[in-house]
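Worksheet: the structure to be examined is printed underneath.
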Amino acid sequence: MATPPQPGPYAADLPAVPEWLNKGDNAWQLTAATFVGIQSMPGLVVLYGSIVKKKWAVNSAFMALYAYASTLIVWVLVGFRMAFGERLLPFWGKAGPALAEAFLVGRAAFPATEHHGDDGALVAPRLEPFYPEASLVLFQFQLAAITLVLLAGSLLGRMNIKAWMAFTPLWLLFSYTICAFSLWGGGFLYHWGVIDYSGGYVIHLSSGVAGFTAAYWVGPRLKSDRERFAPNNILLMIAGGGLLWLGWAGFNGGAPYAPNITASIAVLNTNVSAAASLLTWTCLDVIFFGKPSVIGAVQGMMTGLLTNCIGLHTAHAGLVHTWSAILMGICAGSVPWVTMMILHKKSDLLQKVDDTLAVFHTHAVAGLLGGVLTGLLATPDLTALHSHVPGTRGALYGGGVAQLGKQLGGALFVVAWNVVVTTVILLGVGLLIPLRMPDEQLKIGDDAAHGEEAYALWGDGERFDVKRPEAARPRPWSNGAREETADHGLAGTGARGVTIQL
């Protein structure tokens, strides 16, 4: 008696497994998307909520949360196809929804990436991963979302939350999609041969430049906040940073769109360069300031991830030897350190603009550094696995200055576009909604912005009221212990720790 066919997901003829689908590729891409998502939710939400003053913990975390959620809706409505659809302009794709089942279950494709030579001959076919469009939409959404979350780091502690709610979808549509299509989706920089492996330019240079520009137009924090902005929970800040480090495997490991050799090298290089950058930053802190800063270590880790891994490395995580990853990590931990700790204090412009978490230094500088090092260190063998342009290689491998020139040209476009578009969007939003909260509300913080606070200041969620009569205040110190007044007990509970002093 013949064995009946096995039912369920392993049936011989299963509609959910078309001939072009590679289950391994699809599984890894979904996993990589999840890892990248962890960086934003909860990674940066936790980091932002803990690295700021206690009075801004809720507002800072919510800015990240809102950016993440709003990006997803705009992305599936029109954003994805503007960044990765059919060519409309040399720098922009045709808008359209990514919601229909027929579209999402079809094979993923980058229609504009088909590359032809000067004689019209096909040099490289369009990129078509072996998984459905839905997986690509999800992965690219996570990259778009974290870009806006990173941008928020420049504006913490003073931006009107309503202005932020209006700004995020507009910036996604008119800035992020432009850069993503130009460099990844088949735009003019892609076909010219500019290399951005997984976001050194599209994500980090963009967010750093746009954040700095936005900080200029929104205006500074209160003087008291700029002078001292101590973290309210350093341990949670480290936890948020750890989620970023963990999640970066999805960033650079998912960028090749398959779990191939490039992905393996990228994930290894990501971790190596992050560690080297963290150690470099920490050593510089010890040498010049006498003690290691925990915040500095987290910043060094991030510059290693995005400069080396994402910047150098994003631009290069999968394109260089691992010994180069160590070199990139050292550069990532030293160059942004110098710009933040030394050059910042000598520049009137940098001093004037209140970039809350120094996103310009940790992301824009690191991303640019990554692109430049890509032009120097990209090996011909590894680049052949990624680039569609024949013979692409770094200057140190016989490529001359051609690739370096392309990297600088691509960076110039990203910088100029973000400065102009961010300015236009904010000036437009500012006509309808004040960009900065009033000083009276800035003195209060979360309670003024949201009517909520991060921590219960007294009892079981009961807020401490300085106007309450002394006799009516609960006294937890008893049973023979020396009683202290509530006022005295709270006097020494201010947040302590190393702060970012620019």
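The values are calculated or read from the model by the stated rules, or taken from the named source; none is laboratory data. Owing to the predicted nature of the structure, the values given are computational and were not obtained by experimental measurement. Reconstructed Cβ throughout: ideal geometry from the backbone, glycine too, with neighbour counts over all protein chains shown. Protein only, heavy atoms only, side chains kept; ligands, DNA and RNA dropped before computing areas. Shrake-Rupley method; radii C 1.70, N 1.55, O 1.52, S 1.80 Å.
What distance in nm lies between label points placed 7 Å from Cα along the C-beta direction at E19 and D348?
6.9
What ranking, highest mean first, results for peptides 91-98, 437-444 when packing means the other Cβ atoms within 10 Å averaged over each residue?
Ranked from most to least packed, the peptides come out as 91-98, 437-444.
How large a share of the accessible area of the stretch 100-156, in percent, is made up of carbon and sulfur atoms when the probe is 1.4 Å and the other protein chains stay in place?
Numbers: 1190 of 2040 Å².
Carbon plus sulfur share of accessible area: 58 percent.
Testing the spin-label approximation: label points 7 Å from Cα along Cα→Cβ at I444 and A124. State their distance in nm.
About 5.5 nm separates the two model spin labels.
Which lysines have a Cα less than 26 Å from the Cα of K406, not counting those fewer than 8 places away in the same chain?
Those lysines meeting the cut-off are K94.
Taking the mean number of other Cβ atoms within 10 Å as a proxy for protection, how do you rank 239-247, 348-356, 53-61 from highest to lowest? Mind showing how you got there, number by number?
Values: 239-247: 20.0, 348-356: 16.7, 53-61: 23.8.
Final packing ranking: 53-61, 239-247, 348-356.
Could you tell me what % of all Cα pairs in the stretch 354-455 have separations over 22 Å?
The calculated P(r) of the stretch 354-455 puts 56 percent of pairs beyond 22 Å.
Jot down the per residue volume, in cubic angstrom and as a whole number, of the convex hull over the alpha-carbon atoms of the stretch 145-250.
Details: hull volume 12.8 nm³, N = 106.
Cα convex hull per residue, to the nearest whole number: 121 Å³.
Show which lysines lie in cross-link reach of K443 when reach means a straight Cα distance below 16 angstrom and same-chain residues fewer than eight apart are skipped.
K53, K54, K55, K223
Between V424 and W323, with labels modelled 7 Å along Cα→Cβ, what's the label distance in nm to one decimal, could you check?
4.8
On average over all directions, what projected area in square nanometres does the stretch 83-233 have, based on the convex hull of its Cα atoms?
11.7
Which residues' amide hydrogens lie under 5 Å from the amide hydrogen of V123, considering only partners 5 or more residues apart or on another chain, with H built in the peptide plane?
Here H115, H116, G117 satisfy the definition.
What FRET efficiency would be calculated for the residue pair F289, L246, taking the C-beta separation as r and a Förster radius of 41 Å, to the nearest 0.05?
Working: r = 28 Å, r/R0 = 0.70.
Efficiency computed from Cβ-Cβ geometry: 0.90.
What order do you get for 35-43, 280-288 when each peptide is scored by the mean count of other beta carbon atoms within 10 Å, highest first?
Ranked from most to least packed, the peptides come out as 35-43, 280-288.
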